[in-house]
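Inspection log for the structure reproduced underneath, given as structure tokens.
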Amino acid sequence: MSMTRGVDRSRATKPVRSWRRARTWAPLLVLALGLLGTGLVTRQLALAIRRADDERFLNDVQNRQGAITERLNNYAALMRATAGMFAARPDTTARDFSRYFLALDLANHYPGLQGLGFSRTATGRVAVLRLDAELHELYGSGVGIWPPTADDERHAIVYLQPMDPRHVGSLGYDMSTDPVRRVAMERARDGDTVAASGAVTLVQEADPRKQHGFVLYMPVYSGSPAPATVAGRRTQLLGFVYAPFRIDDLFTGIFGTDAHPQAGFELFDGPREDPGHSMYRSVAPPGNPRHTLRMSVEIAGRSWTLRYFSLPPFDESSNRMLLPFVAAGGALLSLLFAGIVAQQIRARAHGERREAALQASEARMRLITESVRDHAIITKDVQGRVTGWNPGARQIFGYTAEDILGRSAAVLFTPEDRAEGQPEHEMQIAAERGLALDERTHLRSDGRRFFASGSLAPLHDESGKLRGFVKVLRDMSAQREAAEQRELLIGELNHRVKNTLAIVQSVARQTRRGTDSLAVFEEAFLGRLHALGRTHDLLTREGWEGASLEDILQATLAPYTQGGPGGRLRISGPPVRVSPQRAVTLTMVFHELATNAVKYGALTRSEGRVEVEWTVDASSGTPVLSLAWLERGGPPVGPPDRRGFGSRLIEQALARELDGEVSLEFAPGGLECRMRFPLERCTGSEPS
């Protein structure tokens, strides 16, 4: 008889068919998950890079903004110091001013500043003529106050450093004749402060490429300290210390000449980005900069608006360039893993086919190898005595080879199976059919029982004569315990569902008896179901191990009160936990009391409230809980005309489910429900 005869080929080919189905969807699933993970990683990386670039751009902008503010504040401090010199020494000469200017060393300490000058003020015809004569005396007859005007008050530049050819032409110029400069001069004069003018073209501008400019003014008054009133400042004005700026030269002095700036900016005179008031642009912006930021700066009472934008060098230094490589790398890895899975599935299917073939031939003996640890491989002779014992068998059964070789394999069976002749019957089935499946309880060397799954196959020599058997067995205790646990959980679920349905049926019947219309029935029935549902939610969160009395009250009364403890609901008492079944009973009781309070009692009025307080008395050995439900601030109440489902539920539930007592008192100040029941009977434990 061939050992393959009688093999259940449908059983042997089922794993192969399942692996054939897996060959179709498993690689696709791995590929889809890999691509999804790649997309998520790439997106998170893109967001992180964007945040880093935003922070980097903001730091660059803040550094530039700080450099502008610091430099102009330094210029304003210089203006105040120079004005202080003129105020202290009204007789300062051109020679004195020249020495003062040289000592400042503007090129090194104040880069970007075009020069520093003093404009004297003259009011009245005589003073104007005297000022004009001073200019003739200092610089020759060709220099006087200009341009000519009929104004009674004139301002003329009398000192200006450095005295290079470009600045000489500015001497005698009355800056108040320009409306833009005049506004800044008047603001400086009346405020005793440094004031910046709006955008102007400087008088000394000789460059064919005209630049926008502006002027800083600081007033100089006669006497010390400066006048406290505007009228006094106008009367005692001696003139102005001023500093002209060419805007391009100013920012070159601040930022230098960076060949590859990370960010550029455009400066607007005023609080808005008005193209008509653009004063300066560090570089032409790209068509669509990735980062832009608008900031304002207050310069000597004048608002400037700066629009910053990122430049290609900034974008090129971003890690955004990594994103395509990350995405491509993730996609390639996904394809690689999908290919590996497909290859493994093909290899596994091939292995299953090979195993099915081995199960139908004497080549099963090749399975006996020392490397097999999770399977017991046992050979025995035709009398059932053990002739081969691999390490897996030792690990599963606990016998060493020395202990078991030569003994009957029946010692591995339970006494019940031995009494029924199962060891012999198994060998008979294997000899007749070529394979005997073995799924039963076996014994370890220490007497412990475990569930195992295996098969017994016959061994034939070349002539076809039966020489023995080989058994391959695996310990399935963990899988069996898992299956039993699942059955237990399903049974528990079935039990709880039946209990819940019984409660719902009871509530439905009792609610129908106590109502006169379908609408009233629906409202009452749904309210009770919702209360039951909230209690189930609470018990689920607690693992169905019980719930605290305070949590039950809060969950039950939440739909009817606002503000929680200290509001319409006031709860006080020591911590107490109750069992799941008692939690459901108490929920239904509290729900009925709350519903009655909303319809007829304290909660019908905004000032009404419910006070729930309890104590635990353990003096008698068994802890007893005394709970009082007190309604306050509601309308006067009286006993009902008839007892409804709520009253019956409260009285019967307390007596039957909790083995307790309850009293309902319809006092004029509000309903008072007092209940008392033993905690030990209710929870099986002392208060928490």
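The values are calculated or read from the model by the stated rules, or taken from the named source; none is laboratory data. Bear in mind the structure is a predicted one, so any value in this text is a computation, not a measurement. With ideal geometry, Cβ positions are generated from the backbone for all residues, glycine too; neighbour counts draw on all protein chains shown. Protein only, heavy atoms only, side chains kept; ligands, DNA and RNA dropped before computing areas. Shrake-Rupley method; radii C 1.70, N 1.55, O 1.52, S 1.80 Å.
Couple of notes before you dig in:
- Solvent-accessible area of Thr235 with every protein chain in place, 1.4 Å probe, in Å² to the nearest 10: 120
- Calculated FRET value between Thr292 and Thr441, using beta carbons and R₀ = 56 Å, to 0.05: 0.15
- Residue-count net charge about Val382 - beta-carbon cut-off 10 Å; Lys, Arg +1, Asp, Glu -1: +3
- Residue-wise HN-Hα coupling along the range 160-166, computed from phi with Karplus coefficients 6.51, -1.76, 1.60 (Hz; x: Gly, Pro): 7, 10, x, 8, 8, x, 5
- Excluding same-chain neighbours fewer than eight residues apart, the aspartates and glutamates reachable from Lys210 by a Cα-Cα span under 13 Å are Asp248, Asp249.
- The solvent-accessible area of Phe337, taken with every protein chain present and a 1.4 Å probe, is close to 110 Å².
- Accessible-area value, Tyr139, 1.4 Å probe, nucleic acids and ligands omitted, Å²: 70
- Cα shape, the range 190-306, gyration tensor, a/c 1.5 rule: prolate
- Scattering curve values for the range 211-267, log₁₀ I(q)/I(0), Debye with Cα scatterers, q = 0.13, 0.14, 0.30 Å⁻¹: -0.56, -0.59, -1.20
- Extension gain, Val230 to Ala67: 0.36 nm times the residue separation minus the Cα-Cα distance gives 55.3 nm.
- Eigenvalues of the alpha-carbon gyration tensor of the range 381-473, scaled by 5 and square-rooted, set the equivalent ellipsoid semi-axes at 21, 16, 11 angstrom, largest first.
- Cα gyration tensor, the range 116-264 - rounded (a/c under 1.5), prolate or oblate: oblate
- Segment Ala618-Arg346, extension gain: residue separation times 0.36 nm, minus the distance between their alpha carbons: 90.8 nm
- Along its first, second and third principal axes, ordered by size, the range 599-682 spans 42, 26, 16 Å in Cα coordinates.
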